[in-house]
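**Q** My questions all concern the structure below.
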Amino acid sequence: MIELAGIVKRFRDADREVPVLDGLSLSVADGEMVAVVGASGSGKSTLLYLVGGLDADFEGQARVAGRDLGTLSERERATFRGREVGFVFQSFNLLPHLTAMENVCLPAWFAEGPALRAEAPRRGAEALRRVGLLELAGQRPARLSGGQRQRVAIARALFAGPRLLLADEPTGNLDTRSGEEIIDLFGELSRGGMTVLVVTHEERVSRAAGRVLRLEAGRLA
Amino acid sequence: MRASALLTLAARNLRADGRGALLNGAAVAVGATALCLFLALGMGVGQAVRQLFPSEARLVEVVPSSVSLGPLLGGGQLDDAAVRRLAALPGVTAAWPRMNLRVPLAATRGPEGLALNYPPGFVLQIPAVGVEPGLLAGALAPGAAFADPGPEGAIPVVLSSRLLELYNKTIAPAWNVRRLPTGAALVGLELPVKVGFSIVPLKTEDRVYDARLKLSGLSDRVPVHMLALPLDVVRRLHREYGKADQGYSAVTLQAASAEEVPSVAAAVRRSGFAVDDADRALAERAGAAVGVATLALSFLALLMLAVAGLAIAQSLLASVRARAREIALLQAVGATRGDVRALVLAEAGLLGLGGGLLGSALARLCAAGVDRAALRLLPDFPFRPGSFVHFPPWLWAVGLGVAVLAAVVGAIGPAAAATRIDPARTLA
């Protein structure tokens, strides 16, 4: 699912370039659940967004879901993000003025072709049912608990039927019980054949993952 | 991204920040209101001025030059030869000579068949000019002949249609006499006159006899202070009273088009004659004054719209900064930078559309109010227009279009800022 070779990513800081990923290579198989751990600034989130096609400014070879990310146009990268990848964030990133269902169906607004848009109501309902929140489809995020919001965010990530789920500290803003529910959900998705890459600081998430990758100064330790 | 999806999402975003959207929309609406109202007033007053100072764009009035070296160098008297020369000038399609009547003509009674309380003992001295029927084509009543009827017949005459308006709005109220009906209702009336009689001492001719004038039509081509007779009648009266031939008093030329008037006027001057363009100049000066005022006010309104555009720019820029994570999220779920740019521009476009629609509607209401107030408060002066504003349907399109343009142009900067958001760094 993920093949990275010699990835170098630098950020410009004032007048110098700071390497965040420094010749990183890794491989993740289909259906694997992998936790990425490491200290703050070690490049975990950078790795996640690079794999998800949000960051195209890197050196090296990155092949994800059969696509060579270095050769995709902006439109192709957008389609890749909308169809092949689902993102889950620590702070949920739900649009407050949209209902849970509308948030879940958000990728359909930008989808190319009519298929995904036509299927949006069915897909949205299915994704919410999968995370157990179908009955709250008409609620706005402000009326939901933290755990419920994160489950809506996961439903949004599942909406287009991606093969890869990328989660950045998904339990960071949740209480213990809600966090465990999310971890269980990720495990279930992984067992269903979805590849899950989770950036985390939490031991319980690492324990649930099939493999743990530790990043230190932009390299695998 | 589909246009319908784009507009729906933009509308949702605006609704989410309802207060800001309302303020920005109101700013645009004020500008659009001002623009549409000023243009409507300018066009309305312009129409009123044209009504007040009618000037046929294709006509050139030729008069003898005040300084002339005689026919050797061209110019001099406006005789038949001069009329033929003027008619042959490039761009001239017709030439109609006019000759002022130098025999006094006076009315001592009101018109027959009209119950008009004519002041007893009042004598109305009538200045008259002889013209050819061609000049009055279209103004004569159907079947009316504009030719010399002979010494016994009623002389056909044509009045200025503006004279009736002046009479009804100034003379009739001042003298407390009946107002005259306007238009064709007066045609056919006969006025008994005394030919050769003058109210000026020593100007009455040796022979005075009764005659009748018959109104055959109304025309704006007749000077407001004169009455038009057939040219042959004027020639006959001059012969009867032994008036020496002094040539024509003026010649009206008709140019092929309004654009050719300046070149025709220049050719007339080169021929040694003068052009009487006082009426045209007055109309042009009045029209220009209204035009300049309209232009200045419209410029002010455009400035207001530009300020509204800046307000939208500032507001959207702040909004884009505040919504950086939201914009990054849209990119994470499949939006391109183009989609993000289009979304910000669509939000501005909707603000402009709403503000423009509201502004145009407010301008229409204000225009109606101004019109009603003007008609109620202003006195009933001659040539007072029926409306002081002109609000054609295309003015709605102008209000909407300029408002949308101002808003969208204002959003170009914020849209560009939105596309510069790095989703990876923003979401990390």
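**Q** Roughly what angle does helix A:120-130 make with the longest principal axis of chain A, taking Cα atoms, 0 to 90 degrees, to the nearest 10?
**A** Value to nearest ten degrees: 80.
**Q** Could you work out how far apart the two model spin labels at A:GLU3 and B:GLN314 are, taking each label as a point 7 Å from the Cα in the direction of the beta carbon, and quote it in nm?
**A** 5.6
**Q** Sticking with this one: With +1 on the Cβ of every Lys and Arg and -1 on the Cβ of every Asp and Glu, and nothing else charged, how large is the dipole of the protein assembly as shown about its Cα centre, in debye rounded to the nearest 20?
**A** I would put it at about 800 debye.
**Q** From the alpha carbon gyration tensor of the protein assembly as shown, can you work out the equivalent ellipsoid semi-axes (sqrt of 5 times each eigenvalue) and give them in Å, largest to smallest?
**A** 92, 26, 18
**Q** On to the next question. Give me the Kirkwood hydrodynamic radius of chain B, using the inverse of the mean 1/r over all pairs of distinct Cα atoms, in Å to one decimal.
**A** 26.9
**Q** 222 nm [θ] for chain B, helices only, -39500 (n - 2.57) per DSSP H run of 4+, per residue, to 500?
**A** Calculated at 222 nm, the ellipticity per residue is -16500 deg cm²/dmol.
**Q** Another question, then. Please sort through the DSSP H helices of chain B and keep those with an alpha-carbon extent of at least 30 Å along the long axis and a Kyte-Doolittle average not below 0.0.
**A** B:18-52, B:278-322, B:337-377
**Q** Here's another thing I want to ask about it. How big is the convex hull of the Cα atoms of segment B:59-276, per residue, in Å³?
**A** Residue-normalised Cα hull volume stands at 145 Å³.
**Q** Between B:LEU300 and B:ARG2, what FRET efficiency follows from the Cβ-Cβ distance if R0 is 30 Å, with the result rounded to 0.05?
**A** 0.15
**Q** Hey, another quick one. Looking at A:SER91, A:GLY23, A:GLN139, which one has the Cα that reaches farthest to the positive end of the dipole of segment A:1-139 (charges on Cβ: Lys, Arg +1; Asp, Glu -1)?
**A** The listed residue farthest towards the positive side: A:GLN139.
**Q** Give me the percent relative contact order of chain B, please, defined on Cα pairs under 8 angstrom at least 6 residues apart.
**A** Relative contact order comes out at 31 percent.
**Q** Between segment B:181-247 and segment A:142-175, what is the separation of their alpha carbon centroids in Å?
**A** 100
**Q** Would you calculate the separation in nanometres between label points at B:VAL177 and B:ASP220, each defined as 7 Å from the Cα along the Cα-to-beta-carbon direction?
**A** According to this spin-label approximation, the distance is 2.7 nm.
**Q** Using a Förster radius of 22 Å, what is the FRET efficiency between B:VAL123 and B:ARG212 based on their Cβ-Cβ separation? Nearest 0.05, please.
**A** Calculated transfer efficiency: 0.85.
**Q** For B:ASP232 and B:TRP394, what does the FRET efficiency come to when R0 = 56 Å and r is the distance between their Cβ atoms, rounded to the nearest 0.05?
**A** Working from the Cβ atoms, E equals 0.65.
**Q** Further question: So in segment B:59-276, what percent of DSSP beta bridges are antiparallel if you round to the nearest 5?
**A** Expressed as a percentage, antiparallel bridges in segment B:59-276 total about 75.
**Q** In the structure shown, do any of B:LYS169/B:LYS194; A:LYS9/A:LYS44; B:LYS214/B:LYS243 have a Cα-Cα gap over 18 Å, and if so which?
**A** B:LYS169/B:LYS194; B:LYS214/B:LYS243
**Q** Report, to two decimal places, the Cα Rg of chain A normalised by 2.2 N^0.38 Å (N = number of residues).
**A** Working it through for chain A, the quotient is 1.00.
**Q** B:LEU365: net charge of surrounding residues, Cβ under 15 Å, Lys/Arg +1, Asp/Glu -1, itself excluded?
**A** Here the count lands on +1.
**Q** Given chain B, what percent of its DSSP beta bridges are antiparallel, to the nearest 5?
**A** Looking only at bridges with both residues in chain B, the antiparallel portion is about 75 percent.
**Q** Under the definition of Cα pairs under 8 Å and six or more residues apart, what whole-number percent is the relative contact order of segment B:59-276?
**A** 39
Since every read-out is calculated from the coordinates, none of them should be taken as a lab result. None of the values given here were measured: they were computed from a predicted structure. Neighbour counts are summed over all protein chains in view; Cβ atoms, including those assigned to glycine, are modelled from backbone coordinates with ideal geometry.
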